[in-house]
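Here the structure is laid out as structure tokens; the discussion comes afterwards.
Rule-based calculations on the coordinates, nothing more; no lab input. These figures come from a predicted structure and were not determined experimentally. Neighbour counts are summed over all protein chains in view; Cβ atoms, including those assigned to glycine, are modelled from backbone coordinates with ideal geometry.
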Amino acid sequence: MPKRILSGMRPTAKLHLGNLLGALENWKKFEGEDSFFMIADWHALTTEYASHTAIKANVIEVVIDYLAAGLDPNRSTIFLQSLVPEHAELSLLLSMITPLSWLERNPTYKDQIAEQKGKDLMTHGFLGYPVLQAADILLYQADAVPVGEDQLPHLELAREIARRFNHLYRKVFKEAEAILTKTPKIPGLDGRKMSKSYGNTIDLSDSPEEVDKKVMQMVTDPARKRREDKGHPEVCPVYFFHTIFNKDNEKTVAKECRAAERGCVECKHEMANHLTPFLKPIYERRREIAARRDHVRDVLIEGSKKAKAVAAKTLAEAKDAAGIGI
Ligand code: TRP
Ligand code: SF4
């Protein structure tokens, strides 16, 4: 088991089932004394700078999501990036040694610009997104970073930046490994990847009734226009969730779908009957926690103090190595 873990999410929205299965459930496995879970509000600002008013509210919502999903602030450090100014400072220092070409060829950079249509992302801050992420990771001397596959280019850049710094000055930073989540991409209501930008999510803050309603709206195999049409469960998002939440019956569901022996409506009901009991305790815990906003703020403030103690030490070493300050 790797020692020090760091990961984070951007507070651009409340978290959804995809975040839970793809990230939080994985984080929980590594949770312990030496794990750091961040809310990356500076990173949110790189794309939301023109509609920034939601960021503050989402910071609180995301902490509530973290806690409701079972992260425990007594076991790990839950903190807010902007409350630890060392992130911004190390990011500036690392920006001095990061070649522009590394940032320009970063595949997620081009993907995001294409995906986030309507936002002007031709900014210094957005190009420097991976430099800030490298600072997040390197400040804590993380051994490993649990992330989804889409973050691999950022992790590789963080390692390259660490190597370059250590080579130019002296060895200050550790090269962190990625820990990839095993759960495959979680489909949303429309069958595309579950993502806030597609508006196809089931949120942790959705009530059991809302979850049921959303399941009934899900797309199924388009080949099943009529009840008698034979289906292909492998292309159906409803089936995907059967394989996670209704494992005991997954083979029967697939067989009956292929033979047109079950209708999509009944199939959805069956799936919702397994999904809802899984989400309901999280929803209820979420409501309890949300009623104690002061506690939520305290978690962040205390966590950020703990984080700062670690970050300040690394930053001092890095500045000294680079010959900045007195
Ligand atoms: N870029 C990550 C994402 O979009 C969020 C993030 C910011 C992050 N800093 C990090 C993840 C450091 C891991 C480690 O999901
Ligand atoms: Fe999907 Fe179930 Fe319909 Fe098959 S029967 S297409 S698995 S919802």
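Quick look at the numbers
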| quantity | calculated |
| --- | --- |
| Using θ = phi - 60° and Karplus 6.51 cos²θ - 1.76 cosθ + 1.60, couplings along the range 16-21 (whole Hz; Gly, Pro as x) | 10, 4, x, 5, 5, 6 |
| Amide proton proximity set for G8, modelled H, under 5 Å, gap of 5+ | M38 |
| Listed residue pairs exceeding 31 Å between alpha carbons, taken from K3/K185; K29/K319; K56/K214; K56/K308; K110/K185; K213/K306 | K29/K319; K213/K306 |
| Degrees between helix 129-139 axis and first principal axis of the chain (Cα, 0 to 90, nearest 10) | 70 |
| Residue of V299, V310, V63 that the Gaussian network model of the chain assigns the largest fluctuation, springs spanning Cα pairs under 10 Å | V310 |
| Radius of gyration and maximum dimension Dmax of the range 196-287, Cα, Å | 13.6, 43 |
| Within the chain, helix-based [θ] at 222 nm, where runs of 4 or more DSSP H residues each add -39,500 (n - 2.57), nearest 500 | -16500 deg cm²/dmol |
| 3J(HN,Hα) from dihedral phi, the range 41-53, Karplus parametrisation 6.51/-1.76/1.60, rounded to Hz, x for glycine, proline | 6, 4, 5, 4, 5, 4, 10, 9, 4, 8, 9, 6, 5 |
| Residues whose placed amide H lies under 5 Å from that of E177, excluding near-sequence neighbours | A144, V145 |
| About the Cα centre, charge dipole magnitude for the chain (Lys/Arg +1, Asp/Glu -1 at Cβ), debye | 200 |
| Rounded to whole Hz, the Karplus (6.51, -1.76, 1.60) HN-Hα couplings of the range 269-282, x for glycine and proline | 4, 4, 5, 4, 5, 9, 6, 4, x, 6, 7, 4, x, 5 |
| Antiparallel bridge percentage (DSSP; both residues within the chain; nearest 5) | 10 |
| Neighbourhood charge, 11 Å Cβ-Cβ cut-off, centred on G8 and excluding it, Lys, Arg +1 and Asp, Glu -1 | -1 |
| Residue of E302, E228, E156 that the Gaussian network model of the chain assigns the largest fluctuation, springs spanning Cα pairs under 10 Å | E228 |
| Diffusion constant of the chain at 25 °C, which comes from Stokes-Einstein with the Kirkwood Cα-pair radius and 0.890 mPa s, µm²/s | 116 |
| Amide H within-cut-off set for L80, under 5 Å, with H built and near neighbours excluded | I39, S304 |
